[in-house]
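Before any comments, here is the structure.
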């Protein structure tokens, strides 16, 4: 392994899936601004839009939850064009 290419600041970080509120802990060097308390211990928090607990490939469900509102933004932007064709 090459020396001095990996970060030395690994620590336990809580990752939270925002679509289903699932939280899991793992070691990471990701930079965070928020914290969360899990089992009485405070950890840095990193928010995810999707994880293995909500992704259709892992859950077997074909419905994907849109947490960022991208579908709504698209529909609002192009609703005038859809009304013209009627």
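The values are calculated or read from the model by the stated rules, or taken from the named source; none is laboratory data. No experiment lies behind these values; they were computed from the predicted model shown. Here the Cβ is made from the backbone with ideal geometry for all residues, glycine too, and neighbour counts use every protein chain on show.
Answer yes if at least one residue in segment 54-65 is modelled with pLDDT of 90 or more and touching a strand residue (DSSP E or B) at 6+ places or on another chain (Cβ under 6 Å), and no otherwise.
Taking every residue of segment 54-65 in turn, none turns out to be modelled with pLDDT of 90 or more and touching a strand residue (DSSP E or B) at 6+ places or on another chain (Cβ under 6 Å).
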Within segment 23-45, how many residues turn out to be in a loop (DSSP other than H, G, I, E, B) and touching a strand residue (DSSP E or B) at 6+ places or on another chain (Cβ under 7 Å)? 2
